[in-house]
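Heads up: the structure comes next, in structure tokens.
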Amino acid sequence: MAFELTQEFLDELQVKIDSLDQTAIAQTLEGIHFADIADIFENLDAADAKLCYDLVDEDVAADALAEMEDGARTELLKFFTPKEIASQVDLLDTDDAADILNELSEQEKDDVIAKLEDKEHAADVASLLDYDEDTAGALMQTEYIEAKAKWPVNRCIIELRRQAEEVEKVYTIYVVDDEERLMGILPLKRLLFAQNETLIKDILIDDNIKSVKTHDSKEDVAAAMEKYDLVTIPVVDRQEKLVGRITIDDVVDVIREEAEKDYQLASGISDNVETSSTVWQNTRSRIPWILIGLVGGVASSQIIRGYENQIDINPALAFFIPLVVATAGNVGVQSSAIIVQGLASKDFQVKNLLSLIWKETKVGVIVGLSCAIIIFGLNFLLAGDLQLGITISITLLLVILIAAILGASIPLILDRMKIDPALATGPFITTANDIIGLTVYFIVAYFVYM
């Protein structure tokens, strides 16, 4: 039966923790998958999580530590000594080990690396720490299976058995030359059916081999693996030498992180914020966009103030202000969301940009006409005010059209400027549409009532 983390389970575990019943704690956590163990640790105080951590099988505990969310893991690591961290890092793949060390100070990193028992593993982990955290180099692991192109099949099998002892998951056999340059991949079926004396270079596949460079961005890695349906992708340096691989589990994490970041940006949160973030971190990430919205609100109020004469002529105009700004904001966010999604998935080509804007323009016309007709009919039936109905209908048509064009254009412009286009789906475009919508509304009212 699959494990399900419930509040009842946590309450029972907490009772055992409070009573320091180590035997009962160990029995409670025994046999639970490391991913679920990570969830349990995240729901406990860091001190209690450390107590439980020490009672779990060391391999399971190490995997759970790698699986935990960054914020909760950072708090838990405060209760570890450098030697304890080193003992866990020795059990992990290099990419997971580097992720953990990146949460420590520079001095703590040095202390942990110095205490690693496997010096070759320590060197590999240390090399990963030199890469920028947003690049393929930081994402890769240095554990992989490789075969030399000049090897005969019988020697290759012996060498692969030896290498496999150090690699937890074997997806692909990479073929390299004497200079460690990637030449292709070796399908297991070809290896099994080949004669012992056959050279690996004669049975490898070297057509359309996809790889990434250490300096490529994580987003590019994720896009490549998604496009070509890969479960692993080799990483080469600037000299095309094989230095590591990236597996699908790490790419899934990247996709999730990017989705969370874009969602936060669209909500007006500029920094990566988690539930464990401090009050100051939450405030700092939100207040810039709140202030932008505040400025937009002041600008909107000044627009209304500047057109008081139109409102004096027909006070009912004021009743429809929320309708105008809300509709413009909704249409703008919808249009920008579609464009941002396409940009994130690399679906758009440069030659298609104008056609995308034109498509959103046509959508804006159809939606605008539909809303204009509906609101004109309702106003005429309920209020019988022809001038007001004309004003609202024309305004809705115009603001929806403008919002659709802006919603499609702004993300594309931001993307060209190397600014995350997800910003366009949040308060930025909403505030802009509020100001434009009100301006259009009162200009139309002026000409209708003049």
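In nm, what is the difference between 0.36 nm times the number of residues separating ASP229 and ASP385 and their Cα-Cα distance?
Here the answer is 50.2 nm.
Kirkwood-type hydrodynamic radius, the chain: 26.6 Å, calculated from all non-identical alpha-carbon pairs. Taking GluC sites (Glu not before Pro) across segment 170-205, the ones in a DSSP loop with at most 11 further Cβ atoms lying within 10 angstrom of their Cβ are GLU179, GLU197.
Peptides 138-149, 32-43 ordered by packing proxy, namely the average of other Cβ atoms within 10 Å per residue, highest first: 138-149, 32-43.
When each of the peptides 236-243, 102-109 is scored by the mean number of other C-beta atoms lying within 10 Å of its residues, the order from highest to lowest reads 236-243, 102-109. Each Lys and Arg adds +1 at its Cβ and each Asp and Glu adds -1 at its Cβ; summed about the Cα centre, the chain shows a dipole of about 3060 debye. Across the options THR198, ALA147, THR232, the greatest Cα extent toward the positive end of the charge dipole of segment 145-248 (unit charges at beta carbon of Lys, Arg, Asp, Glu) belongs to THR198. The ranking of VAL448, VAL340, VAL252 from fewest to most other beta carbons within 10 Å of each one's beta carbon is VAL252, VAL448, VAL340. Would you mind checking the pairs LYS210/LYS241; LYS83/LYS109; LYS213/LYS241; LYS109/LYS169; LYS50/LYS119 and listing those with alpha carbons more than 20 angstrom apart? As for pairs spanning more than 20 Å Cα to Cα, those are LYS109/LYS169; LYS50/LYS119. Pairwise Cα separations in segment 145-248 fall into 10 Å bins from 0 onward with the following percentages, short to long: 15, 46, 32, 7, 0.
Enumerate the helices in the chain for which the Kyte-Doolittle hydropathy averages -1.0 or more and the C-alpha atoms extend at least 24 Å along the helix's axis, using complete DSSP H runs.
Values: long enough: 248-266 (27 Å, -0.46); 279-306 (39 Å, 0.44); 321-344 (34 Å, 1.40); 353-382 (43 Å, 1.75); 386-416 (45 Å, 2.03); 427-449 (33 Å, 1.37).
Long hydrophobic helices here: 248-266, 279-306, 321-344, 353-382, 386-416, 427-449.
The peptide list 74-87, 51-64, put in order of mean Cβ contacts within 10 Å with the highest first, becomes 51-64, 74-87. Mean silhouette area of segment 7-134, derived from the convex hull of its C-alpha atoms and averaged over all directions, reads 7.7 nm². Could you state the number of Å between the C-alpha centres of segment 230-245 and segment 131-152? For segment 131-152 versus segment 230-245, the Cα centre distance is 5 Å.
Here the dipole of segment 124-247 is about 600 debye; that uses its Cα centre as origin and unit charges on the Cβ of Lys and Arg (positive) and Asp and Glu (negative). Between LYS150 and ARG181, the modelled label-to-label distance comes to 1.4 nm, taking each label 7 Å out from Cα in the direction of the beta carbon.
Each reported figure results from applying straightforward, stated rules to the coordinates on display, with no laboratory input. It should be emphasised that the depicted structure is a prediction, and the values quoted were computed from it without experimental measurement. Counting neighbours? That spans all protein chains shown, and the Cβs are built from the backbone with ideal geometry, glycine included.
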